[in-house]
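Let me begin by presenting the structure, written as structure tokens, before commenting on it.
The values are calculated or read from the model by the stated rules, or taken from the named source; none is laboratory data. Just so it is clear, the structure is predicted and the values come from calculations on it, not from any experiment. Cβ coordinates were reconstructed from backbone atoms using ideal geometry, including for glycine residues, and neighbour counts include every protein chain displayed. Side chains are part of the model used for accessible areas, which takes the heavy atoms of the whole protein and leaves out ligands, DNA and RNA. Shrake-Rupley method; radii C 1.70, N 1.55, O 1.52, S 1.80 Å.
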Amino acid sequence: MRIRLLAVGSKMPGWVEEGVDTYRKRLPRDFNLEIEEIALGQRGKNADIAKARAQEAQRIRDKLRGDEYVVALEVKGKAWTTEQLAQEADAWRMAGRDIVLLVGGPDGLEPSLSAMADKKWSISPLTLPHPLVRIMLAEQLYRAWTLLVGHPYHR
């Protein structure tokens, strides 16, 4: 199973790459996390936010393969415990489909993109900076994998 994170935004600081890689390198090949950055929609003084979100949504759609299970990360999504995430990940694995996780830009995902997702997941009710979301997501996926294989990381 491949897990792809399509995240709007680019040029993450080195500490983000280092943090994400700490967990990515621990994951086995059959639970691999790949990150693809999506360019931000055009923003600036008097910018049309709806247009910027639509640009981001189109860029994300262009990256979707059609056969993946799509999970939108949304503040209003369903919160999962680590154990619930492990159960979801196990179900994903058993279904034999690759997973794509979507993270929107500073104004979130465009509504039609969010609506087409198979699931909506909230990793926190807080509004988090995108760099931290990437690290938290990598760590939680690693933690879920350790639960599935009985590794003592999660206590």
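The distance from the alpha carbon centre of segment 103-153 to that of segment 42-69 is 18 Å, rounded to a whole number. Taking 26 Å as the limit for the C-alpha separation, the pairs Lys45/Lys78; Lys45/Lys120; Lys25/Lys63; Lys25/Lys51; Lys11/Lys119 exceed it in the case of Lys45/Lys78; Lys45/Lys120; Lys25/Lys51; Lys11/Lys119.
On the beta carbon distance between Tyr153 and Glu37, with R0 = 35 Å, the FRET formula returns roughly 0.80. Counting only heavy atoms of the protein chains and using a 1.4 Å probe, Arg61 has close to 90 Å² of accessible surface. Rounded to the nearest 5, the antiparallel percentage of DSSP beta bridges internal to segment 44-148 is 10%. Multiplying the residue separation of Met116 and Leu64 by 0.36 nm and removing their Cα-Cα distance gives an extension gain of 17.6 nm. For the residues Trp145, Trp15, Trp92, a GNM of the chain with alpha-carbon springs under 10 Å puts the largest fluctuation on Trp15. According to the Cα-based calculation, Rg over Rh for the chain is 0.96, with Rh computed by the Kirkwood formula.
The mean sequence separation of alpha-carbon pairs under 8 Å and at least six residues apart, normalised by the residue count of segment 78-144, gives a relative contact order of 60 percent.
Residue separation of Asn46 and Leu27 scaled by 0.36 nm, minus their Cα-Cα distance, works out to 2.5 nm of gained length. For the chain, the relative contact order works out to 33 percent when only alpha carbon pairs closer than 8 Å and six or more residues apart are counted. Taking 1.306 mPa s as the viscosity and 10 °C as the temperature, the Stokes-Einstein diffusion coefficient of segment 111-155 based on its alpha-carbon Kirkwood radius rounds to 127 µm²/s. By a 1.4 Å probe calculation restricted to protein chains, Val75 has an accessible surface near 80 Å², given to the nearest 10. Our helix-only sum for the chain, with -39,500 (n - 2.57) per DSSP H run of n ≥ 4 divided by its residues, gives a mean residue ellipticity at 222 nm of -13500 deg cm²/dmol.
If you run the Gaussian network model on the chain, springs between alpha carbon atoms under 10 Å, then out of Ala57, Ala39, Ala72 the most flexible one is Ala39. Put Lys76, Lys119, Lys63, Lys25 in order of accessible area, highest first, and with a 1.4 Å probe you get Lys76, Lys25, Lys63, Lys119.
Once the Cα-Cα distance is subtracted from the 0.36 nm per residue extended length, the Glu18 to Ser124 segment shows a gain of 36.0 nm. Once backbone amide H atoms are built at 1.01 Å from N, Arg4 has Glu34, Ile99, Val100, Leu101 as its partners under 5 Å, excluding neighbours fewer than 5 places away on the same chain. For the options Gly77, Gly96, Gly19, a Gaussian network treatment of the chain with springs between C-alpha atoms closer than 10 Å singles out Gly96 as fluctuating the most.
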